[in-house]
Amino acid sequence: MSKIETILVTGKNGQLGASLKALVSKFPQYQFTFTGRDELDLSCSKNIAAYFQQNKFDLILNCAAYTAVDKAEQQQELADEINHLAVKQLAEIAQNNDSILIHISTDYVFDGTAHLPYQEETSVNPQNIYGSSKLKGELAIQAVACDAIIIRTSWVYSEYGNNFVKTMLRLGREREQLNVIFDQIGTPTFATDLAITILTMIDATNNGQVSLQQDKVSVYHYSNEGVCSWYDFAKTIFELSNSKCLVYPIETKDYPTPAKRPYYSVLNKTKIKQAYQLNIPYWKDALKACLNKIQ
């Protein structure tokens with residue numbers, strides 16, 4: 001494998017893309033190119049092909065995705081285009097150009113019926129269109145067998161874009177009380193922590209500390225440490241931001257959504273911690289760090 005010098009990051013306007021952009025000055029040894037839909041439209045295979053005829057990279061970091069979980073139930077074709085077919089195309093491009101692909105996936109590939117944290121090799125069984133489209137993307141990478149890393153993550157939030165933390169802060173200002181689901185359990189992920197981890201992984205690969213398995217795609221799980229419900233998460237957001245808004249727990253059945261959510265989606269992170277010598281921040285500490293950036 002040749003040295004990594006040039007890196008493409010897709011999804012520059014998303015939470016992870018924006019978080020990476022804020023950090024890359026600390027990694028001057030790499031030349032980063034950030035693209036959004038205007039430069040590289042992942043819903044259009046011709047656009048993808050044309051872009052990579054003009055541009056070649058040592059590493060493609062795919063942070064772009066169709067993430068509107070409920071809308072995906074209606075927009076199945078668009079979700080499949082971006083989360084599956086475009087990913088397959090990126091894997092084939094990486095294979096043909098001898099590039100590395102790092103792809104971000106989701107806890108929604110699991111059905112949420114477990115009671116122990118999901119390991120990378122646990123059987124997948126997505127319960128909604130979004131999860132299915134993301135799993136198809138994973139399987140497409142496995143089938144192409146390019147040099148690739150898949151990172152599954154969960155409950156991503158940041159100071160950028162729209163997310164649960166920012167929605168809660170807004171509603172906390174507008175309302176005196178809120179109902180939030182307490183029977184869906186998982187772990188929040190601060191996009192900055194995930195971005196730092198990805199850049200650490202790229203460095204470790206480039207320096208030969210961790211080698212990619214030839215013709216075998218590596219899958220890792222990453223979120224912050226600890227476990228909580230959406231109710232716990234909301235309550236902690238209000239406590240740390242000194243909001244007076246009251247939060248009441250409700251069951252999933254009391255808040256029906258078009259897409260079914262997993263009840264339990266805690267990810268086991270032992271593999272990534274051991275491979276890359278990571279110390280992962282606890283979710284409340286990560287939330288504090290994010291709120292300091294927002295407020």
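Counted as qualifying within the stretch 1-99 are the helices (runs of 4 or more DSSP H) with 2 or more residues that are open to solvent by 60 Å² or more (accessible area, probe 1.4 Å), namely 45-54, 76-80, 86-97.
Would you say Leu169 is open to solvent by less than 10 Å² (accessible area, probe 1.4 Å) and assigned to a helix (DSSP H, G or I)? In short, no. Considering only residues in the stretch 186-217 that are of a type in the set (Gly, Ala, Ser) and under 21 Å from the mean Cα position of the chain (by Cα), the one that is farthest from Ser105 (Cα to Cα) turns out to be Ala204. For the stretch 231-243, taking the residues that are open to solvent by 10 Å² or more (accessible area, probe 1.4 Å) and either touching a Gly at 6+ places or on another chain (Cβ under 8 Å) or assigned to a strand (DSSP E or B) (or both), the one that is farthest from Ile294 (Cα to Cα) is identified as Ser243.
Can you find even one residue in the stretch 250-268 that is at pLDDT 95 or above and under 13 Å from Ile151 (Cα atoms)? Yes. Candidates in the stretch 244-257 are the residues that are over 14 Å from Arg175 (Cα atoms) and not charged (D, E, K, R); of these, the one that is surrounded by the fewest Cβ atoms within 10 Å (Cβ to Cβ) is Pro256. Criterion applied to Thr122, Thr113 was being within 13 Å of Val219 (Cα to Cα), touching a residue at least 12 places away in the same chain (Cβ under 8 Å), in a loop (DSSP other than H, G, I, E, B) and open to solvent by 10 Å² or more (accessible area, probe 1.4 Å), and the one residue passing it is Thr122.
The values are calculated or read from the model by the stated rules, or taken from the named source; none is laboratory data. These figures come from a predicted structure and were not determined experimentally. Every residue, glycine among them, receives a Cβ derived from its backbone with ideal geometry; neighbour counts consider all protein chains shown. Surface accessibility is based on the protein's heavy atoms, side chains included, excluding ligands, DNA and RNA. Shrake-Rupley method; radii C 1.70, N 1.55, O 1.52, S 1.80 Å.
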